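Worksheet: one structure, shown below.
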Amino acid sequence: MDNIIATIELMKDGSQGDEFASRLEVVEVGIDDDGDKITSCVIVPVEGSPITSHDKPARLTKGAKIALAALREAIGECGAIPPASNHIPAAVKCVTQDQWRDYASRRGISNGDTKDAVRKAMSRASDALIADKLVGCWSPYVWAIGSSGSCR
């Protein structure tokens, strides 16, 4: 039988975007009045072919999408090449973390009106984007990283 691939879209206290493989297996559950087999299907994990989230890009949360769009807009409008550094790619336009936070706040990264709510939403979003290698950061500068791994 063919394998079924499921993707975790939402999981409390777990990683989103992970995939797992399973298959349906027919099992006998009894005999009817005529003596015929009664069957059903059960889900059986597929061993030996693990699928991990490393095989494909992670899905971004709403906050991370807003933060990434805000970063790209901020870089387009006020990005500049920072002083030379061993930690920031050469000739890449950056903005400061404060500029990024301001753009994300204007785009509505948080429903809360307080600075603390925006700070927390930005912290979650930036952590995810940096971990997924979509954003680079060397305080106080941030920059967008292209899908090929090169900076833009």
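The values are calculated or read from the model by the stated rules, or taken from the named source; none is laboratory data. This is a predicted model, so every value here is computed, not measured. FYI the Cβ positions are ideal-geometry reconstructions off the backbone, even for glycines, and counts take in every protein chain you see. Note: areas computed on protein heavy atoms with side chains; ligands, DNA, RNA excluded. Shrake-Rupley method; radii C 1.70, N 1.55, O 1.52, S 1.80 Å.
Tabulated data for the structure shown
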quantity	calculated
Residue satisfying all of: in the stretch 90-113; basic (Lys, Arg) and not in a helix (DSSP H, G or I); modelled with the lowest pLDDT among these	107
Residue list for the stretch 75-89, restricted to those being part of a helix (DSSP H, G or I) and surrounded by fewer than 21 Cβ atoms within 10 Å (Cβ to Cβ)	76, 77, 78
Only listed residue being open to solvent by 50 Å² or more (accessible area, probe 1.4 Å), among the basic types (Lys, Arg) and closer than 14 Å to residue 143 by Cβ, chosen from 107, 101, 72, 119	72
Residue 115 vs. criteria among the basic types (Lys, Arg) and farther than 30 Å from residue 9 by Cβ	yes
Residue satisfying all of: in the stretch 1-24; assigned to a strand (DSSP E or B) and open to solvent by 70 Å² or more (accessible area, probe 1.4 Å); modelled with the lowest pLDDT among these	20
Lone unmet requirement of (1) within 19 Å of the chain's Cα centre (by Cα); (2) open to solvent by 50 Å² or more (accessible area, probe 1.4 Å) for residue 129	(2)
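Condition check ((1) more than 30 Å from residue 23 (Cα to Cα); (2) at pLDDT below 95; (3) of a type outside the set (A, V, I, L, M)) across all residues:
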position: 51; (1), (2), (3): no, yes, no
position: 54; (1), (2), (3): no, yes, yes
position: 59; (1), (2), (3): no, yes, yes
position: 68; (1), (2), (3): yes, yes, no
position: 88; (1), (2), (3): yes, yes, no
position: 118; (1), (2), (3): yes, yes, no
position: 124; (1), (2), (3): yes, yes, yes
position: 128; (1), (2), (3): yes, yes, no
